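Please read the structure below before turning to the comments.
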Amino acid sequence: MAVNLHEQATEALRLAESNPVKSAALARSISIQAQRARDLESHSVAERALGITALQLEDPDAALGHLRAAIQLGQQAASAELVAEARMTLAFALAVRGRGRQALQEIETALTGLRSRVARARARAQRGAIFQHLDRLDEALSDFRAALPVLRDEGDHVWVQRVLSNRAVLHGYRQEFAAAEADLKEAEQLCARSDLDLSLGYVHQNLGWINALRGEVSAALRYLDLAERRLREHGVSVGELLADRCQLLLSVRLLHEATEAAEAAVHELAKQRRHTGLPEARLLLAQAAILDGQTGRGLEQARQAVREFAGQRRQRWAVLARFTVLRARTAGSQRPGAGRSADLRQLERIADDLAAAGWLGSSLEARLLAGRLSLARDLTGRACAQLRQASRHRSRGPALQRAQAWHGEALIRWANGDRRGATAAARTALRVMEEHRDGLGATDLRAHAAGHRVEVAEFGLRMALDGDRPARVLEWAEQGRASHLMLRPVRPPSDPDLAVALSELRATASEIFRLRGAGGNVGPLQRRQVALERQIRDHHRRLPPEQGISPSRPLTARALSESLGDAALIEFVHLDGTLHAVTVTGGRVRLRRLGSAAQAAELIDKALFALHRLARKQANDASTAAARALLADTGARLDALLLRPVADWTAERPFVLVPTGPLQSLPWSILPSCAGRPVTVTPSAALWHAGLRGDRSGGHAMVAAGPGLPGADAEAEAVAALHRVTALAGPAATVEAVTALLDGAKLAHLAAHGHIHPNNPLFTSLRFADGPLTVYDLKQLRHAPQLVVLAACDMGRPTVRSGDELLGLSATFLALGTRHVIAPMVSVPDAETAPLMIAFHRFLASGVPVASALAQAQQQLGGTHPAAIAAAAGFVSIGTRAPGG
């Protein structure tokens, strides 16, 4: 019986590495049986297994209790080996709880009680892991090096993979990525060979973390998703994994999701009393908050992390936390001159401390910040001392780190009066950042990651504005906007699981709509919708990038001028709270300062309010008159701010407008200078210029109407008749049928309810008979329609990310190759769009170009009733150059 119990207890201990739930159940049974049989040795082993599983299954306090019981039972059994092995595990549990000194005392005591070669190697491996928790990395590496050969000789695969996984993390801290990956790949093979399923989850988590550090985002996402599924299957803690996911999301500037991941990690680690991981997650939450403009929250979390690291005597991490405090204190200024002198001195000191502690990326960031603060105060010598050290990393490390180093080099050259050299260095920084962005397959990752470019693009803009060089201002303005739309979209391969998920999402959304109308409970369905959206989103994010997706060469003013013909291009530039306009007309590039961006934003808000007021069906005469007056006044004032200052240069030419910031939501037809004039709004001059890429002749017209939209069927039939086609409406207008007709269409008119997704613009959708048509559905198209009319509520309004990177339906069509999108920028009254749409299509069918057709239709409806005026004014022509110019 005793032999059998001991074998079962040993099996429970083995299972703790692969199936902790099964291990805990078996160990509890053995513990009871061993207690009855007075089998102290089996009882001690079972309690140790229970301690390991409790540590993994979110109860570190219970783990400490079981492990102390295992020590006591080993002592009663007079087995020094059992006592020492239990102490080894207790030491690690104490380290996880943040009690580092006690952990080291226990592991040292354990080492004195171990005699066998393999047991001592395991103890040294465990001590190395504890040293690693305490940031004593050299001592950790020494123990790993001593333990690993012995464990290999003994064929102890469980402990070999543990050491390899821990050593890989240490390599990661030192940016020795090849060595880290080699260790983890070997550990992965050992786990698969030995059926260490849970340990394999931790190996995949570390592979995700390493790939995130080196900038391999798609691979990192794949590994973290694999790890999360495996860890959750076993019911173990995912707090550290959520922190790793936050770090990855921060690297691509997905700030909302990064904040959510950090908050979840802090909550889970606090609940489980995992005090070692908790301040690390809190520090990530602080970094996410600072990047998202929540400097107060970031400062609070960073200060708490400083206190927690200090309490654990983890000086390496405390240095990083103190730097985050400084980042929060110096954040919030458009130009880096608002920091205090004390902050500058602290930044200079902490940059050295960060480098000494091995935080190379953060050290580089601190030196850049200190250099910029010094330059803002004309302390050129101090600035160059910091920037020179930052620039040394230009040729090594991950792409973003090298780009930051080139930014530092650009600042040095600028400070020393070398404008040409500064420009060349800044351009190099942008090219290196493109390496990082081009390694991403998903549209949203590209758009958010482009936010890294903003600081360098603003530096280039500042140089160009200081030199009063209009062509250079245009060039640098283009470097900082809508760059991801110039990349060829990654078309996902045919995937049955993805198709099923998209189909289920449509069915779920339709059922939510039906139940909501009937007053039913939609909570469970909404949770299912969120899960499906995440599944679809993550599937696309894991896609590898295509090769050769970068745009060829930067756009030159000469090439742009040649393609404009008689049109006038006005590119609006926003820097340090001021708007500027660059115009390209008749072969000349000019620059003019306009005025306050805040004033423009305020006027746009008033104009949108007036349009909403005009669109109200129940408005009285006084309210309508006031709305008309407000719209006329704000339109005139916006015209005076934005277009009148350049009127002498643009004359009566058609407009190509490149908005920025708040101007992205402006319905331009309300400005007197735009009345009756062909106006094309485009995300960037480069995208407009590239509009003929993939130009196709021919193609068919298609018209489709979705359910529940007043007048949509009648509008669709009238538009279809003008183009001599049959409208797709009613039950036949399914997403599959609509996308099939969209593929390769010359013209597509879509009259359907639109929904702008609050969290993910790529789930912004149009509702058809069987549910929503999303951006993800559009990515399946082989050939984009050439002209798309979105006759739905504010479907032209993009979601604007850092650097004027745009996401949404209209931006997606342009990225796919669509030349023109006609869509409303405001919430237009759906029933009132038909007159404008019919007039527009009538002009279009008679051969009038797209922008002219819209302008003429809007002018034709200018004297109608208020709601129709609001509907007409809200539409804009978004696009690229048309054939012939």
Whole-Hz ³J(HN,Hα) from phi, Karplus 6.51 cos²θ - 1.76 cosθ + 1.60, for the stretch 293-305, glycine and proline x: x, 8, 5, x, 5, x, 5, 4, 5, 5, 5, 5, 4
Mind listing the phi-derived Karplus ³J(HN,Hα) values for the stretch 346-359, rounded to whole Hz, using 6.51, -1.76 and 1.60 with θ = phi - 60°, and x for any glycine or proline? 5, 4, 4, 5, 6, 4, 5, 4, 5, 5, 5, 7, x, 8
What does the charge dipole of the stretch 671-786 about its Cα centre add up to, to the nearest 20 debye, if the Cβ of each Lys and Arg holds +1 and the Cβ of each Asp and Glu holds -1? 440
Measure of compaction for the stretch 1-68 (Cα Rg per 2.2 N^0.38 Å): 0.98
Net charge (Lys, Arg +1; Asp, Glu -1) of residues whose beta-carbon lies under 12 Å from that of residue 567, residue 567 excluded, is 0
Please report the accessible area of residue 138 (heavy atoms, 1.4 Å probe, ligands and nucleic acids excluded) in Å², nearest 10. 110
Quick check: the angle from helix 621-642's long axis to the longest principal axis of the chain, C-alpha only, nearest 10 degrees? 80
For residue 101, placing the label point 7 angstrom along Cα-to-beta-carbon and taking the stretch 122-142, residues whose amide nitrogen sits under 19 Å are 130-136
Note, the stretch 713-725: 3J(HN,Hα) by Karplus (6.51, -1.76, 1.60, θ = phi - 60°), whole Hz, Gly/Pro = x, goes 4, 5, 4, 4, 5, 5, 5, 4, 4, 5, 9, 6, 10
What residues have an amide H closer than 5 Å to that of residue 595, excluding those fewer than 5 places away on the same chain, when H is modeled at 1.01 Å from N in the peptide plane? 579
Pick out, from 105, 811, 471, the residue whose Cα sits farthest towards the positive end of the charge dipole of the chain, with +1 on the Cβ of Lys and Arg and -1 on the Cβ of Asp and Glu. 471
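If you place +1 on the Cβ of every Lys and Arg, -1 on the Cβ of every Asp and Glu, and leave all else neutral, what size is the dipole of the chain about its Cα centre, to the nearest 20 Debye? Each step should come with its number before you reach the end.
Numbers: 108 positive and 90 negative charges, 408 e Å.
Rounded to the nearest 20 debye, it is 1960 debye.
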Compute the Kirkwood hydrodynamic radius of the chain, taking the inverse of the mean of 1/r over all pairs of distinct Cα atoms, and give it in Å to one decimal. 30.2
Mind listing the long-range amide H neighbours of residue 99? Cut-off is under 5 Å, sequence gap 5 or more, other chains count too, H placed in the peptide plane at 1.01 Å from N. none
Cα extents of the stretch 633-745 along the three principal axes, largest first (Å): 51, 36, 27
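When you have a sec, figure out the Kirkwood radius of the stretch 274-331 from all distinct Cα pair distances and drop it here in Å to one decimal? The partial results should precede the final answer.
Values: mean 1/r = 0.0934 Å⁻¹.
Value: 10.7 Å, from the Cα pair sum.
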Report, as a whole number in µm² per second, the diffusion coefficient that Stokes-Einstein gives for the stretch 339-438 at 37 °C and 0.692 mPa s using the Kirkwood radius over alpha carbon pairs. 246
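Over all alpha-carbon pairs in the stretch 163-254, figure out the percentage whose distance exceeds 17 Å.
On the way: 1863 of 4186 pairs.
Beyond 17 Å sits 45 percent of the P(r) for the stretch 163-254.
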Largest to smallest accessible area among 749, 700 [probe 1.4 Å]: 700, 749
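Heavy atoms only, probe 1.4 angstrom, no DNA, RNA or ligands counted: give me 779, 606 ranked by accessible area, highest first.
Ranked from most to least accessible, the order is 606, 779.
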Can you find, among 607, 640, 618, the residue sitting farthest towards the positive end of the charge dipole of the stretch 587-651, where Lys and Arg contribute +1 and Asp and Glu -1 at Cβ? 640
Counting only DSSP beta bridges fully inside the stretch 530-680, the antiparallel percentage to nearest 5 is 70
Rounded to the nearest Å, the spacing of the alpha-carbon centers of the stretch 830-849 and the stretch 749-783 is 23
Residue span residue 193 to residue 307: 0.36 nm per residue of separation minus Cα-Cα distance leaves a gain in nm of 36.7 nm
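Can you tell me the dipole magnitude for the stretch 350-425 around its Cα centre, using point charges on the Cβ only (Lys, Arg +1; Asp, Glu -1), in Debye to the nearest 20?
On the way: 12 positive and 6 negative charges, 56 e Å.
Roughly 280 debye, rounded to the nearest 20.
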Have a look at 40, 25, 12 and report the one farthest towards the positive end of the charge dipole of the stretch 1-41, computed about the Cα centre with Cβ charges (Lys/Arg +1, Asp/Glu -1). 25
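How do 418, 648 stack up against each other in accessible area, from largest to smallest, with a 1.4 angstrom probe? Show your work: numbers first, answer last.
Numbers: 418 70, 648 140 Å².
From most exposed to least exposed: 648, 418.
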The FRET efficiency for residue 526 and residue 468, from their Cβ-Cβ distance with R0 = 51 Å and rounded to 0.05, is 0.40
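Work out how much length residue 612 to residue 256 would gain on full extension: take 0.36 nm times their residue separation and subtract the Cα-Cα distance, in nm to one decimal.
Values: separation 356, 0.36 × 356 = 128.16 nm, distance 2.92 nm.
Result: 125.2 nm gained on full extension.
Stretched out fully, how many nm does the piece from residue 598 to residue 559 gain, at 0.36 nm a residue minus the Cα gap?
Numbers: separation 39, 0.36 × 39 = 14.04 nm, distance 3.29 nm.
Full extension of this stretch gives 10.7 nm more.
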For the chain, longest principal axis from Cα atoms; helix 453-466 axis from its Cα atoms; angle between them, nearest 10 degrees, is 50
Nearest-10 value in Å² for the accessible area of residue 79, using the 1.4 Å probe: 20
Out of all DSSP beta bridges in the chain, what portion is antiparallel? Express it as a percent rounded to 5. 60
Report, to the nearest 10°, how far helix 419-438 tilts away from the longest principal axis of the Cα atoms in the chain, using its own Cα long axis and a range of 0 to 90°. 70
When the Cα centres of the stretch 47-75 and the stretch 701-716 are compared, how far apart do they sit, in Å? 66
Quick one: which residues, 5 or more positions from residue 703 or on another chain, have an amide H under 5 Å from its amide H? H modelled 1.01 Å from N in the peptide plane, none for Pro or chain starts. 728, 749
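The values are calculated or read from the model by the stated rules, or taken from the named source; none is laboratory data. Worth saying up front: this structure is predicted, and the values here are computed from it rather than measured. Counting neighbours? That spans all protein chains shown, and the Cβs are built from the backbone with ideal geometry, glycine included. The protein model used for the area step is the full one, side chains on, heavy atoms only, and it has no ligands, DNA or RNA in it. Shrake-Rupley method; radii C 1.70, N 1.55, O 1.52, S 1.80 Å.
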